[in-house]
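I'd like to ask you about the structure that follows.
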Amino acid sequence: MCFASGRGSNVEALIRSIGALHIPARIVLVISNNSGAGALKIARNADIPTLHISEKQYESHERFTQALLDALSAVHTDLIVLAGYMKKLPSEICRKYPGRILNIHPALLPAFGGKGMYGLYVHEAVIASGAQVSGATVHIVNDEYDRGKIIMQENVPVLHDDTPETLAARVLDAEHRILPRAVADIVEQIQKDSHKKLVHE
Ligand code: GAR
């Protein structure tokens, strides 16, 4: 299942790649904190169930967390992909799915990550730093912002006349290549692990 907040091009890339690369997986749910997210529209067009769950709808963080936990348990998901999600997942969820939550980040972590580093802010910071290379990172999500184990990265050049928007577009192409490949690798690993478990039972 995926979490997404906005336009949804990473969700779209995943849907397309699951078919094109024959990844033995199915997106069972897309959750967004934003009812108008393009990601929800893209999912509905692909007949994927969607939910709008935002902390603002709940009277406490605990109730919000419980709503997310209930939604995740109901679909029995093996893998959670933060495909353009601009919020921090509650710690309880990170702890419940160790090693099973992936995030795509629009820079080369560990640089340009952490609180406040999302979307165009990341590209603004990269350009302001004078870095000549940026890129995309897929990493495992743990309880610390953008600090989980890195599993795939792709570099892209930062050009002297880049704006945050032109750099974002170049990085986004890299995101669309590495996120599906990282998902394919994890799905393969999950299948191997469950086969091993069956053999040893
Ligand atoms: C992507 O560039 C993604 O890496 C970034 O938001 C954009 C979402 O685009 N995510 C973050 O900054 C999370 N820290 P999309 O909605 O078209 O997938």
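The values are calculated or read from the model by the stated rules, or taken from the named source; none is laboratory data. Just so it is clear, the structure is predicted and the values come from calculations on it, not from any experiment. Cβ placement follows ideal geometry from the backbone for every residue including glycine, while neighbour counts extend to all protein chains displayed. Ligands, DNA and RNA are excluded from the accessible area calculation, which covers all protein heavy atoms including side chains. Shrake-Rupley method; radii C 1.70, N 1.55, O 1.52, S 1.80 Å.
Quick check on this structure: which one of LYS196, LYS192 is among the basic types (Lys, Arg) and within 23 Å of the chain's Cα centre (by Cα)?
LYS192
Related question: Could you identify the single residue in ILE178, ILE190 that is within 15 Å of the ligand (Cβ to nearest atom), of a type outside the set (Phe, Trp, Tyr), touching a residue at least 40 places away in the same chain (Cβ under 8 Å) and not in a strand (DSSP E or B)?
That would be ILE178, the only listed residue that is within 15 Å of the ligand (Cβ to nearest atom), of a type outside the set (Phe, Trp, Tyr), touching a residue at least 40 places away in the same chain (Cβ under 8 Å) and not in a strand (DSSP E or B).
Does at least one position in region 107-125 carry a residue that is within 16 Å of the ligand (Cβ to nearest atom), hydroxyl-bearing (Ser, Thr, Tyr) and over 15 Å from the mean Cα position of the chain (by Cα)?
Scanning region 107-125, I find at least one residue that is within 16 Å of the ligand (Cβ to nearest atom), hydroxyl-bearing (Ser, Thr, Tyr) and over 15 Å from the mean Cα position of the chain (by Cα), so the answer is yes.
Can you tell me which residue in region 158-183 is nearest to the chain's Cα centre (by Cα), limited to those that are open to solvent by 30 Å² or more (accessible area, probe 1.4 Å) and farther than 25 Å from ALA128 by Cβ?
Looking at residues that are open to solvent by 30 Å² or more (accessible area, probe 1.4 Å) and farther than 25 Å from ALA128 by Cβ, I get HIS176.
Which of the residues spanning region 126-151 are under 14 Å from the mean Cα position of the chain (by Cα), aliphatic (A, V, I, L, M) and away from the ligand (no atom under 12 Å from the Cβ)?
Passing the criteria: ILE140, ILE150, ILE151.
I'd like to know if region 42-55 contains one or more residues that are at pLDDT 95 or above, within 16 Å of the ligand (Cβ to nearest atom) and within 15 Å of ILE104 (Cβ to Cβ).
no
Quick one: what pairs do we get from region 11-38, first residue within 23 Å of LYS88 (Cα to Cα), second open to solvent by 10 Å² or more (accessible area, probe 1.4 Å) and assigned to a strand (DSSP E or B), C-beta under 7 Å, 6+ apart or different chains?
Sorted first by the residue in region 11-38, then by its partner, the pairs are LEU29/LEU51; VAL30/THR50; ILE31/LEU51; SER32/HIS52; SER35/HIS52.
Another one. Within region 2-24, how many residues are part of a loop (DSSP other than H, G, I, E, B) and either open to solvent by 40 Å² or more (accessible area, probe 1.4 Å) or within 15 Å of the ligand (Cβ to nearest atom) (or both)?
7
Every residue in region 159-175 that is in a helix (DSSP H, G or I) and out of contact with any Asp or Glu (no Cβ under 6 Å at 6 or more places or on another chain), please.
GLU165, THR166, LEU167, ALA168, ALA169, ARG170, VAL171, LEU172, ASP173, GLU175
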